[in-house]
Amino acid sequence: MDQTFYIEDCVKGCQDRIVNGSIDLVFADPPFNIGFGGKQSNAYSHGISWKKEIYYSDIISKDDYINRCGIWIKEAFRILRENGIFIIMSSWNHVSAIEMKANEIGFTTLNHLIWRYEFGVFTIHRFTTSHYTFLILLKGDPSKNAWTFNKKKPQEEDVEREIKLFLDEMDPDERKINIQKIATKIEEIFYTKRKNYIASDFFDDLRRMSRRYEGVEHPCKLSEDVLMRLYEIFTDEGDKIVDLFMGSGTSLVAAVLTRRKYVGFEIKNDYLSEINKLVKKRLESKRNVKKISSL
């Protein structure tokens, strides 16, 4: 089977099931350790087990949190191939410490990718947080530029064609002096094509999903559109993806729709029915039949 998942600890699951250097991309959307769920172990948390704990506690000290993150980061490093990509989604609270831990383990940071969404947590004495950060990490030598990066898209050719047409229609002398007009027009062309132009490190055209998307309950759903875009940029069709914390299963849906091989891990057994429900609804919908018929 090209796509599968396991209800188990992601570290143990990787150790038992995945050989060294066999994965093209690893994705991690771990619990953020921001106290979501109160003082008890977070009922919604899709984390990993530690000693006698059933679920990952979301209210531990920062040092403990980062040290525990180091365990699954090391496992991601082991299973990734040379020049493989590791994407970690994080809140602003811990992103710098997680990045430092990943760098200590051997990853090189390629980018911070920002995904801005249309609403955030209301605050009184701070700016409202309305974005997530994706750490784009490389296993390998960055000077070789050997990782997959599918920047070129058919839609980008449309952008280039429009710019060329605009410049060709301008008087040559005007092109030399009216730099502001050219810059404004190019910005306008890029803006109108932004949805399909993937070279920017700032995504603001993809919406968050409701906690009850497609009738599937999860408090913090990740947009499958974001994941599809990331998969298409950093992998090719048929490549192997691992999601360490798959939650309600949107990463699995994104893998199927982009024709990537996939292994997911989710420790919380309660999500099994939610994952199956989401996959069934999304992949049986009429608008996706053509996309998955060749799998």
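Listed here are the residues, each with its yes/no results for (1) crowded, with 16+ Cβ neighbours inside 10 Å; (2) of a type in the set (Lys, Arg); (3) at pLDDT below 85.
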site: Asn33; (1), (2), (3): yes, no, yes
site: Gly38; (1), (2), (3): no, no, yes
site: Ile54; (1), (2), (3): no, no, yes
site: Ile73; (1), (2), (3): yes, no, no
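When residues in the range 82-132 are screened for being at pLDDT 85 or above and among the β-branched types (Val, Ile, Thr), 9 of them pass. Pull up the range 236-274, narrow it to residues that are among the small types (Gly, Ala, Ser) and without any contact (Cβ under 8 Å) to a residue 24 or more places away in the chain, then point me to the one that is farthest from Phe149 (Cα to Cα). Checked the range 236-274; the qualifying residue farthest from Phe149 (Cα to Cα) is Ser273.
Per the listing Lys144, Lys176, Lys193, the residue uniquely of a type in the set (D, E, K, R) and at pLDDT 80 or above is Lys144. The requirement of being closer than 21 Å to Gly84 by Cβ and in the same structural domain as Pro30 (by TED's automatic domain parsing) is not satisfied by Thr250. Restricting the first member to the range 124-151 and to residues that are assigned by TED's automatic domain parsing to the domain that holds Trp92, and the second to residues that are hydroxyl-bearing (Ser, Thr, Tyr) and modelled with pLDDT under 95, the beta-carbon pairs closer than 7 Å and six or more apart or on different chains are Ser130/Tyr117; His131/Tyr117; Tyr132/Ser91; Thr133/Ser90; Leu135/Ser90.
The values are calculated or read from the model by the stated rules, or taken from the named source; none is laboratory data. Here the structure is a predicted model, which means the values were calculated and not measured. All Cβ positions, glycine included, derive from the backbone under ideal geometry; neighbour counts span all protein chains shown.
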